[in-house]
Amino acid sequence: MQGFILHTQKVKDEDLLVCILSKTSIIRTYRFYGLRHSTILSGYKIDFALEDNPRFLPRLKDVLHLGFQWILHREKMFLWQEFIRLLYAHLKELGEIDEFYFELVNESAKRFEKQNPKRVILDSYLQILEFEGRLHKEFSCFLCDEKIKGDITLVRAFLPSHKPCVFGLELNRIKLENFYESKNCAIFNDEEIEKMYMLVKEGL
Ligand SMILES: [Zn+2]
């Protein structure tokens, strides 16, 4: 089967605990040292098999790294792994999950080839918020509950608020509405993208 490595953790010498996002679940598995292995890094897309282990987590085997064309592009790989870390923190407690997440990550990896990675991550994040029913298209302030007129101040998880109510990122209302409709952040300039990306980094 195929999956994305969300997280690895070294245990005893060279053994690894590996957390994988597959199409249908978050898999926790164990890889023993000593066999001939391909490299395993968070963010990698792999083809793999699992071998049941009654006494512990299933064993990870037959790992084949399915590389991206941009994998040697340092900055892209750095941002990719940052995105994967955020996803791991967001999904790690789950077992079975909707195929949405695998497809989203797969699609994002493809878009990384030609597009600005931060823009890809922002678009993907918006899809996550919408899928999870957390995208606030009605602009009411999460603090005081009153309607917001004019521009919108966003905080972590893109919660909307009034500017005086909270310290956050102020964004043009029309642009934000456009972004929420199109799921494409093209309307924002690079400076705005940088700031929005910092919000995403606070946690999904
Ligand atoms: Zn308010």
- [ ] Within the range 12-75, report the GluC sites (Glu not before Pro) that DSSP leaves as loop and that have at most 15 other Cβ atoms within 10 Å.
- [x] Glu14
Task: Per-residue Cβ neighbour rank within 10 angstrom, fewest leading, Arg74, Arg59 - done: Arg74, Arg59
- [ ] Quickly estimate the mean residue ellipticity at 222 nm for the chain, helices only: each DSSP H run with n ≥ 4 gives -39500 (n - 2.57), and the total goes over all residues, rounded to 500.
- [x] -10500 deg cm²/dmol
Task: In the range 70-170, the chymotrypsin sites (Phe, Trp or Tyr not before Pro) that fall in loop regions by DSSP, at most 13 other Cβ within 10 Å - done: Phe167
Open item on the list: Are there any GluC sites (Glu not before Pro) in the range 87-129 that are in a DSSP loop and have at most 13 other Cβ atoms within 10 Å? List them by number.
Closed with: Glu93, Glu99, Glu113
- [ ] Return an integer: the convex hull volume of the alpha-carbon atoms of the chain, in Å³ per residue.
- [x] 138 Å³
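Throughout, read-outs are computed from the coordinates displayed, never taken from laboratory work. This one's a predicted model, so the numbers in the text were calculated from it and none came from an experiment. So basically every Cβ, Gly included, is an ideal-geometry build from the backbone, and we count neighbours across all protein chains shown.
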